[in-house]
Every structure is written in structure tokens, then in C-alpha cells.
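Contents: one structure, followed by commentary.
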Amino acid sequence: MDTSISKKNVIWNMIGTTFNAFNSLFFMMVVTRINGLANSGVFTLAFSLACLLCLIGGYEGRVYQVTDVKNEYSDIEYIVHRIITCLIMMIVVVAYCIIMKYGAYKFTITVALCLMKCFEVFSDVFYGVLQKNDKLYVVGISLFLKSIFSVVLFILVDLITKNLLISCLTLDLIWFILFLVYDYPKSKRVIQKEKFSFTNILKLFKTGFFSFSILFLSVYLVNAQKYALDGTVQESLQAVFGIILMPATIISLAGQYLLQPILNTMANLYSTGEKKEFNKIVFRALLLIVAFGALCLLGAYILGIPVLNILYSVDISDYKTHLLIIIFGAVLYSMSTLLSAALTTVRYTFVQFIVFGISSIIAFFLSRFLIVQYSIYGAALSYLITMTCQFGLYVIIYFVIMKKIDFKEVA
């Protein structure tokens, strides 16, 4: 592979992914400042729901598509499958809003943001085609353009109209237009049209189920408290919880930056049977996360609330303890993510589905109980307890599996 293309792929993918990941942070800051705390509460819940339900649209995800090195399924089959999952996603969104008895305003905001995420996951299947053809840089450029246009136009439209729904519909329009003028033309040139079978499309639902389930539960887990707050507290408190939860997203992203460079090293150590070195690199990475987490806690204790007050133009000084609790939980979640990657490397995935299932059940019941008792302080406690339970389960399972398996049999 051309070294220049490889570097271009890495650089643009990192730029595009980072900008896209931080979009929600900018959107929430804008909404809080322009539309007020109550509207921000509606937005943060709707955006979290969109992030969860878009996993139905994305289903097995791009990783599954890109790693289909034997071309068991054609590009067209992946695209048709994605059309079906996107339709299912939007039906589920509407059904959820009806079941939760959302008013017209909250209903339309939620559907508008879910539609944006629907366009995002539909674009993602074309990103998979591009990535398989060594054009990941095109994906990065696409995400970068969409992120920049989304933030700039969202701010302008919201400043002019002061209307959150129109601003959200603007996001839908941006993703749709850029798909038509950039994503589709770029990917059309490399799409393989060799075969099409409805049987294969049904098989995709079956073979991608566990990948989908783990992704879905992982997103649910980090947002479970937001969903539990829905209808239980005022929209303004939902917004406050969204603000103090935002640093957890940044910590998780930082954890991913630490994890990505050592994935290949872990895979190589596993393939060459070096179990001791494998465990060493995992342990060192855990220590780095602990050190980074300690710095985050110190920073949050000294500067966290003042910085968030400035960014969102609201006074959340009464929620310092809540912020520290959530950051501690986020560090534990990042450590769990590292152990998850290690277990995936040695091909133990079903047990992770069990772990996420147990953690999600704990989060579901504990959130509702503690929120009724202690409002958003209960939400913060629930977040910490859930992440502690998940990390504890991962530690136990990691030690059991590492004691059981023999790397030399793989080498």
C-alpha cells in the first residue's frame, strides 16, 4: 500500500472522527446558551436517544463490513440491508415517542435528531465501501465537512430563528445534501455490483446480531441515567445532568486514543504466544488510564465547575460532587473498555455480551430506584455503581480467562 495514502487515511480519519465526536458537545453548548436550560434538557435527551437508536440503523456496524475479506456479502447487499435497518430504526423512534407520550414539540425534536443519525448510519455503509477500497481519507473528509457545516449552520440558524426544531431540521438537510453531493459520488465509483440475494440480507441480520447487541448495550449503559431521568425530573435538571456527564464522553474518547495504538501490539503478542508480555501491556495501559483519571479528577475538583459554567453559561456550582462521581465512573468505564479490547483480541466475545447484559440490567433498575430517591444525585450514584460493577465483572473474567487459555496453542 502507498505510504502517502496510508498516512492520508490515518490523518483524515482521525480529524473527521474527532470533529464528529465533539459535535454533540458544541450543539449542547449552543442550545443551552441560546434556547435556555429547559430546551437543552429536551435536546440532550433526544440526542442521546438518537445515538442509541441509530445503532439499530447501523446494526452490525462498519467493522463487520470492512472485515468481510472473503466478500461473503456484496456491497449492494450491505446497502440494501442498511436501507431496511434504517427504516426499522425510524419506525422504532416514532413508536418509542408514542409509547412515552411525548408532546408535539419533544416528539418532533426527537424524530428530527434521529433522522440526522439515520442519515449518518446510512452514509456509514458507503464509508465501509470506501474503506475496503483504501479510501478511508475520503470518509475522514466527509465527516469533517459534515461536522463543520453542522456546527456553523446550526449556530447561525439558531441565533437567527431561536427555534430549536428548525435548527435540528437544518442538521438533517446538511447530512442529506452532503451525502448526495459527496459520499455517493465518491463511493459510486468503487461499488461492486456482482451479486444480490435476499437470503444473504437475512443472514446479515443473524451473523451481525452479537456485534449489534454489544454496541447497543454499551451505548445504553453510558446513557442509562439520562433515559431514566426522562419524565421523572424537570427538563432543566435533565440538561444539568447532560452537562456534568459531558466530561465522561471526553474521557472515553481519550481512552480510545490510548487504546488504538496498542491494538496491533496486543494482536501480535497473542499470535506469537507471548502471554506474559500481553498481560504486561494491558497492565501498563490500565495504569496509564488510572494516572490520566487521577489528573482528570484533580482538574475537575479545581477547574471543572468554573469551566463548565463558562462554556454553558449556567451556574452548576451545586453539582461539584456529582461531577467528581461521574468522572470516577468514566475512568472505570475506560478501564473496562481496555479489558474488553484485550478479551476481543483473544476471541472471547460472547462472555462480553453477558457482562453488558448484566450491567445494563443493573443500570436499568438501579437508575430508576436512586433517581426517585435522590434526583440527579441518584443518577450520578447509579452511573458510578454501574461502572464499578462492570469493571469488577471484567476484572474477574479477565483473570479467569487468562488463567485458562494457552497462547502457545495459538502461536
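Contact annotation: residue pairs with Cβ atoms under 6 Å, 6 or more positions apart or on different chains, pairing a residue in region 186-202 that is in the same structural domain as Val125 (by TED's automatic domain parsing) with a partner that is of a type in the set (Phe, Trp, Tyr), are Ser187/Phe126; Asn200/Tyr73.
Screening Val240 on (1) at positive phi; (2) surrounded by 16 or more Cβ atoms within 10 Å (Cβ to Cβ) shows it passes everything except condition (1).
Looking across region 362-390, just one residue is among the small types (Gly, Ala, Ser) and farther than 15 Å from Leu237 by Cβ, and that is Ala363. Exactly one residue out of Leu52, Leu130, Leu115 is in contact with a Ser or Thr (Cβ under 7 Å, 6 or more places away or on another chain) and part of a helix (DSSP H, G or I): that is Leu130. For region 31-44, the tally of residues that are surrounded by 19 or more Cβ atoms within 10 Å (Cβ to Cβ) and either of a type in the set (Lys, Arg) or closer than 13 Å to Ile243 by Cβ (or both) stands at 7. Filtering region 350-365 for residues that are farther than 24 Å from Ile289 by Cβ, outside the structural domain of Met29 (by TED's automatic domain parsing) and surrounded by 15 or more Cβ atoms within 10 Å (Cβ to Cβ) leaves a non-empty set. Applying a threshold of 9 Å to beta carbon distances and a minimum spacing of six or more residues, or different chains, the list of pairs starting in region 222-237 at a residue that is under 25 Å from Gln390 (Cβ atoms) and touching a residue at least 24 places away in the same chain (Cβ under 8 Å) and ending at one that is outside any helix (DSSP H, G or I) and not basic (Lys, Arg) reads Asp230/Met100.
Restricting attention to region 303-337, the residues that are within 30 Å of Thr272 (Cα to Cα) and part of a loop (DSSP other than H, G, I, E, B) total 0. Can you name the residue in region 186-222 that is part of a helix (DSSP H, G or I) and of a type in the set (Gly, Ala, Ser) and, of all such residues, is surrounded by the most Cβ atoms within 10 Å (Cβ to Cβ)? Ranking the qualifying residues of region 186-222, first place goes to Ser187.
Specify the residue that is farthest from the chain's Cα centre (by Cα); the eligible residues are those in region 272-309 that are surrounded by 14 or more Cβ atoms within 10 Å (Cβ to Cβ) and free of Cβ contacts under 8 Å to residues at least 12 places away in the same chain. Ranking the candidates gives Glu277 first. Filtering region 25-44 for residues that are in a helix (DSSP H, G or I), assigned by TED's automatic domain parsing to the domain that holds Glu194 and under 20 Å from Val125 (Cβ atoms) leaves an empty set. Considering Gly57, Gly61, the condition of being surrounded by fewer than 20 Cβ atoms within 10 Å (Cβ to Cβ), among the small types (Gly, Ala, Ser), closer than 22 Å to Ser197 by Cβ and not assigned by TED's automatic domain parsing to the domain that holds Ala254 is satisfied by Gly61 alone.
Being hydroxyl-bearing (Ser, Thr, Tyr), buried (at least 24 other Cβ atoms within 10 Å of the Cβ) and either at pLDDT 95 or above or in contact with a helix residue (DSSP H, G or I) (Cβ under 8 Å, 6 or more places away or on another chain) (or both) holds for only one residue in Tyr137, Tyr127, and it is Tyr127. Just one of (1) touching a residue at least 24 places away in the same chain (Cβ under 8 Å); (2) under 19 Å from the mean Cα position of the chain (by Cα) fails for Val111. It is (1).
On inspection, Ser340 does not qualify as at pLDDT 90 or above and either under 20 Å from the mean Cα position of the chain (by Cα) or part of a helix (DSSP H, G or I) (or both). Restricting attention to region 61-107, the residues that are under 19 Å from the mean Cα position of the chain (by Cα) and on the phi > 0 side of the Ramachandran plot total 1. As for region 280-296, it holds at least one residue that is under 24 Å from Thr44 (Cα atoms), modelled with pLDDT of 90 or more and in contact with a helix residue (DSSP H, G or I) (Cβ under 6 Å, 6 or more places away or on another chain). Among the residues of region 81-95, are any in contact (Cβ under 8 Å) with a residue 60 or more places away in the chain and either not in a helix (DSSP H, G or I) or not assigned by TED's automatic domain parsing to the domain that holds Ile250 (or both)? Yes: region 81-95 contains one or more residues that are in contact (Cβ under 8 Å) with a residue 60 or more places away in the chain and either not in a helix (DSSP H, G or I) or not assigned by TED's automatic domain parsing to the domain that holds Ile250 (or both).
Per this entry, Met14 is not counted among residues that are assigned to a helix (DSSP H, G or I), in contact (Cβ under 8 Å) with a residue 60 or more places away in the chain and touching a helix residue (DSSP H, G or I) at 6+ places or on another chain (Cβ under 6 Å).
The values are calculated or read from the model by the stated rules, or taken from the named source; none is laboratory data. All values derive from a computational prediction rather than experimental measurement. Please note: Cβ atoms are built from the backbone with ideal geometry, for glycine as well, and neighbour counts cover all protein chains shown.
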